[in-house]
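A short worksheet on the structure shown next.
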């Protein structure tokens, strides 16, 4: 079974609020026959589109192949949160990599946010970029940990974009009885993820990259000149970039051993009108401290876009709206009977360390994936880092590639059940409040 085709119609975006409100691009042609490129990129999400744009701007002949449509995968379905830092917090990175490298990774994460914002400005991408993400906790321990971490970022990393929230301030911002405080990061941001992906695709195409949609790659022949084979064509290339993330499948065993696909779900309510103020008093995004994170924000037409719930198989649940409604009403009990107009799922890639996995997997094949829910900035930056490395500027790529990336335990059919068991344990701890 292939996740590219398990839950979606071939070549169609999911029935999401994002797809309903984005301005579509004219379809790109499918790959046919024999082709040649300096670099062939597999995957038309943030990673691949960023790599294509930057390589084209460097002057390379670039061909990007996408099995469905650009922005089809997690890049067009996610919560739209451009967060600060890496997916692992700085305390964890200091323990894993040492203080100096942790500071370097913080600086790179700051660069990732700036890269996204600069691309939006430079290419005039209309994706409703807005500042502000609140991190909110459920009890005194959660709140203390959040605010201690905010102080660490201010004192040790010189980051002064954080506003502490006590219980009253948190409730004034987000009138949910569940949250007891936290902080707002005004240097973080949120956006319309599919519109951003489509804007990147347009920019890459305008820069000269050739984009092929409806072109499923089923085999890569490695060699000094790699051959990327699709159903109806193939590309011979000096370099290949793997940018499929959770949808990469088994195109490369080294990657598939370290990056596991999981599914996450989002619902969009009916427009809330004036009652939107009972969800958020400001136009910011929110993420909380549960292991299976709840994340949400308001849309431009005052819908609640709420992400919550995961599963770890190939199939989405039959009733995604019911899957999301459960955590949504735990946070907002007054929305128990609200109508849900859109509900959709998407597949992302996670790693054991919850840090991106960047690697040279063959002499002329680079890969980046495993953003673990932190991909809006990480993925765009990863694409640029791979472009830089091919262009001879390897420092940033090498720093990310130095992060330990253990394989998931188990092999073959055992891997998914073991992941399900581990993730279910943490989800149970969420429910018990441990």
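Yes or no: region 159-174 includes at least one residue that is out of contact with any strand residue (DSSP E or B) (no Cβ under 8 Å at 6 or more places or on another chain), in a loop (DSSP other than H, G, I, E, B), at negative phi and surrounded by fewer than 20 Cβ atoms within 10 Å (Cβ to Cβ).
Scanning region 159-174 turns up at least one residue that is out of contact with any strand residue (DSSP E or B) (no Cβ under 8 Å at 6 or more places or on another chain), in a loop (DSSP other than H, G, I, E, B), at negative phi and surrounded by fewer than 20 Cβ atoms within 10 Å (Cβ to Cβ).
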Quick check: is even one residue across region 153-164 over 23 Å from the mean Cα position of the chain (by Cα) and within 28 Å of residue 301 (Cα to Cα)? yes
Members of region 112-134 found to be assigned to a strand (DSSP E or B) and crowded, with 20+ Cβ neighbours inside 10 Å, listed by number: 132, 133, 134
Among the residues of region 341-360, is any in a helix (DSSP H, G or I), out of contact with any strand residue (DSSP E or B) (no Cβ under 9 Å at 6 or more places or on another chain) and surrounded by fewer than 21 Cβ atoms within 10 Å (Cβ to Cβ)? no
Using the structure shown, decide if residue 304 is outside the structural domain of residue 17 (by TED's automatic domain parsing), buried (at least 17 other Cβ atoms within 10 Å of the Cβ) and under 30 Å from residue 47 (Cα atoms). yes
Looking at residue 71 and the list (1) surrounded by fewer than 24 Cβ atoms within 10 Å (Cβ to Cβ); (2) touching a residue at least 24 places away in the same chain (Cβ under 8 Å); (3) on the phi > 0 side of the Ramachandran plot, which single condition is not satisfied? (1)
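If we keep just the residues of region 286-299 that are farther than 30 Å from residue 404 by Cβ and either modelled with pLDDT under 95 or touching a strand residue (DSSP E or B) at 6+ places or on another chain (Cβ under 6 Å) (or both), which is surrounded by the fewest Cβ atoms within 10 Å (Cβ to Cβ)? First the steps, then the outcome.
To start, the set of residues in region 286-299 that are farther than 30 Å from residue 404 by Cβ comprises 286, 296-299.
Next, from what is left, pick out any that are either modelled with pLDDT under 95 or touching a strand residue (DSSP E or B) at 6+ places or on another chain (Cβ under 6 Å) (or both): 286, 296-297, 299.
On the way: 286: 28, 296: 25, 297: 25, 299: 21.
Among those residues, the one meeting the criterion is 299.
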For region 279-296, enumerate the residues that are under 16 Å from the mean Cα position of the chain (by Cα) and assigned to a strand (DSSP E or B). 285, 286, 287, 295, 296
Residues 79, 45, 59: which one is surrounded by fewer than 17 Cβ atoms within 10 Å (Cβ to Cβ), at pLDDT 95 or above and more than 19 Å from residue 234 (Cα to Cα)? 59
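The values are calculated or read from the model by the stated rules, or taken from the named source; none is laboratory data. All of these numbers come straight from a predicted model, not from anything done at the bench. Here Cβ is always computed from backbone atoms with ideal geometry, including for glycine, and neighbour counts include all displayed protein chains.
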